[in-house]
Amino acid sequence: MINILDGSRLVPIAASPGVVLGPSVRSFSLCTWVVQSASGPGAFICSDATEEAALATSPWVTGAIDRVRFYAAAPLMGREGVALGTLCVWSRSTAEASAMRQSMLEHLADRVVDKLDQRRSRTDALAALSSPPAAAAPIAHRTGEPPESVTAAAARSVTIDAVIRDGAIRTLFQPIVHLQSQEVVGFEALSRGPADTPMEAPAVLIEAARVAGRLGELDWLCRAHAMEAVAASGLHPSLSWFINVEPAGLEIACPAYLVSSLAQARTDLRVVLEVVERDVEGQVTKLLHAADQARNDAWGVALDDVGGEESSLALLPFLQPDVVKLDMSLVRDVDRRTAARITAAVRAYAERRGAVVLAEGIETEEQERLARAFGATYGQGYRYGAAAPLPAMVPAPREVIPLRQRPEPLGGGSPFEILSGARKPERAAKQDLRHITTHLEDHAIDAHEAGVVLAALQHARFFDAAEQERYRRIAERNALTVVLGQDVGEVAEPRYRTASLLPGSLVQRDWLMIVLTPYFAAAFAARDCGDQGPDCERRFDYVYTHDPDLVIAAGRAFLQELEDGPVQGWFGDSSGGVLAPVGTVAAVSPHTAPAPRPALRAFGRRHR
């Protein structure tokens, strides 16, 4: 149950099915005691409330209201460090109080706070947009301090239109270090609005731009400001600059007044495009195009917040990031068994591909040791410095972040063409092949780890109600499930998509099934020979492989069927090719893939 403090009441806003929601007197509540006793976000767990002196006399325990026995709660700590309420679990039976349960409850409480902050930021943004101009008379201060000046009041009522018009963006930079040597190897760029205004908060700034329909302009503006600040710093060209982007951003061309700034910075900087898995659910194709364009116009790719949700692991082989950024929860409060399972998959990817691991949110020596045990080579967090203006001097790094990934760009043929180019196809009737796709579907349903499932079924007549229900079950268990076919109805959900094949599709004649998880890879690609007669007797040329590299290549080819069309280049044009800074470590080879139009998300996430 999620409870929010409201004056003298405790108001539940969400609960398990069957629980009646209604406010209760705050002084009677067990959760009130947890909030008053909390010195931080740590959870409280009690196996039997009757044996806890502070709880035993509560009417929720004595039977006056209920007979609670097992009770656990974690305070919901807001952005100002004030408790907003609690996330609690209770039962009328006693239960074991374990460290694992405590860790899980604290992790869930963090997620609840994130959602509450998002809701609050949206409200703040709307309030900022609707604020009237500053009055001519002084404004009384709530705390009884001297009235605020007219100038200060005007500053607080700044609008997003004024921010964009005046270019009133500040860029701060948080250092990234090599954990063994402790040397600074790069920075992440984070944007802020005008100081002492609601727009200073990045969540309010971006939401205000979204509401005003100007998010695209703000994205370009933040990108240009970050590039200009770095270019003007004169720091060593082998430093890496992490720029956050959102592939699902507005598809607008770069404003003309920013093109020159971006073009100048393009020749001097070693950029790493940083994308966030949870921001691109349902937009994997845009994510892949953003990565291709980064390797065209910039330098490398980082996947952020990996491990915050285990489903993020499924995108690693498709995106093939140079840098895997571990979610800060892994070094803070996630159950060690869960962390071990996640980081084992990350280690396997990094070793196989020559990628590197970067741990976020490191604040203590213990967290740094844990990050290194998880396989991290690089680190970021308050232990090494907060977001701030760039320093005047940073020594040239000896442990330059390697950018080694060179996946083939999208546009290299159909899955069948890719697989048949590496494996000689065999021929068989459909009735003799159905067991293969059935097995792969069963694996996708029963697998313990979330993966990516891609299927092409030729025509809607092969996607009847039973098959639709089967793929719904698959989608519930996996990070992304896509089904394509002629006249297949449109479904566009974060983790489940169905769509009709576009005219001229490369897979119109193909029967495809691709399954990829952190520990399993399989691809089945069959091309219709064009036989007439009973469906079960139709013959197909087919390839079936478990080779991970071929499966990944086939999957990337499949995803281009979700193509959104040509888009703008990352630096404001549609050209390819890299202009490599002189004296830096070479990163990637130029490609000639179509350039996408990802929108910058240079605001950072969950930074204090």
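The values are calculated or read from the model by the stated rules, or taken from the named source; none is laboratory data. Keep in mind the model is a prediction, meaning the values are calculated, not measured. A quick note on method: Cβ atoms are made from the backbone with ideal geometry, for glycine too, and the neighbour counts reach across all protein chains shown. Areas reflect the complete protein model, heavy atoms only, side chains present, ligands, DNA and RNA absent. Shrake-Rupley method; radii C 1.70, N 1.55, O 1.52, S 1.80 Å.
Assigning unit charges at the beta carbon (Lys, Arg +1; Asp, Glu -1) and nothing else, what dipole magnitude in debye, to the nearest 20, does the range 466-508 show about its Cα centre?
Approximately 220 debye in magnitude.
Using the beta-carbon distance between E476 and T94 and R0 = 35 Å, what value does 1/(1 + (r/R0)^6) give for FRET efficiency, to the nearest 0.05?
About 0.60, to the nearest 0.05.
Could you check the spin-label model distance between E183 and D66? Points 7 Å from the Cα along Cα→Cβ, value in nm.
About 5.8 nm, to one decimal.
At a Förster radius of 25 Å, what calculated FRET efficiency corresponds to the Cβ-Cβ distance of M393 and K115, to the nearest 0.05?
0.05
Roughly speaking, to the nearest percent, how much of the range 445-491's 1.4 Å accessible area is carbon and sulfur?
44 percent
So between H459 and R509, what do we pick up on full extension, going 0.36 nm a residue minus the alpha carbon distance?
17.1 nm
Packing-wise, with mean Cβ within 10 Å as the measure, how do 342-353, 532-543, 368-379 rank, highest first? Display every interim value, and only then the final one.
On the way: 342-353: 18.3, 532-543: 14.7, 368-379: 20.2.
Per-residue mean Cβ counts within 10 Å order the peptides as 368-379, 342-353, 532-543.
Would you mind working out the accessible area per residue for the range 446-514, using a 1.4 Å probe, and quoting it in Å²?
47 Å²
Return the sequence-ordered ³J(HN,Hα) values of the range 85-99 in whole Hz as given by the Karplus equation 6.51 cos²θ - 1.76 cosθ + 1.60 applied to θ = phi - 60°, using x for Gly and Pro.
x, 9, 10, 10, 9, 8, 8, 7, 10, 6, 8, 5, 9, 10, 5
What is the distance, in nm, between label points placed 7 Å from the Cα along the Cα-to-Cβ direction at V82 and at A429?
7.5 nm
Using a 1.4 Å probe over the heavy atoms of the protein chains, calculate the carbon and sulfur portion of the accessible area of the range 296-439 as a whole percent. If you can, show how the numbers build up before the last one.
Numbers: 2790 of 5950 Å².
Of all accessible area on the range 296-439, carbon and sulfur atoms account for 47 percent.
With r as the distance between the Cβ atoms of A232 and E351 and R0 = 60 Å, compute the FRET efficiency 1/(1 + (r/R0)^6) and round to 0.05. List each step's numbers first, then the result.
Working: r = 39 Å, r/R0 = 0.65.
It comes out at approximately 0.95.
Relative to the present Cα-Cα distance, how much length would full extension add between H443 and R383 at 0.36 nm per residue of separation?
Here the answer is 17.3 nm.
What fraction, in whole percent, of alpha-carbon pairs in the range 340-423 exceed 17 Å separation?
Numbers: 2302 of 3486 pairs.
Summing the P(r) of the range 340-423 above 17 Å gives 66 percent of all pairs.
Using the scaling law 2.2 N^0.38 Å as the reference, what is the normalised Cα Rg of the range 479-522?
Scaled against compact globular proteins, the figure is 1.29.
Would you mind computing the Rg to Rh ratio of the range 414-473 from its alpha-carbon coordinates, Kirkwood style for Rh?
Taking Rh as the inverse mean 1/r over Cα pairs, Rg/Rh reads 0.99.
Would you kindly state how much longer the chain becomes between R337 and Q468 on full extension, computed as 0.36 nm times their sequence separation minus their alpha carbon distance, in nm to one decimal? List each step's numbers first, then the result.
Numbers: separation 131, 0.36 × 131 = 47.16 nm, distance 3.49 nm.
The span from R337 to Q468 would gain 43.7 nm if fully extended.
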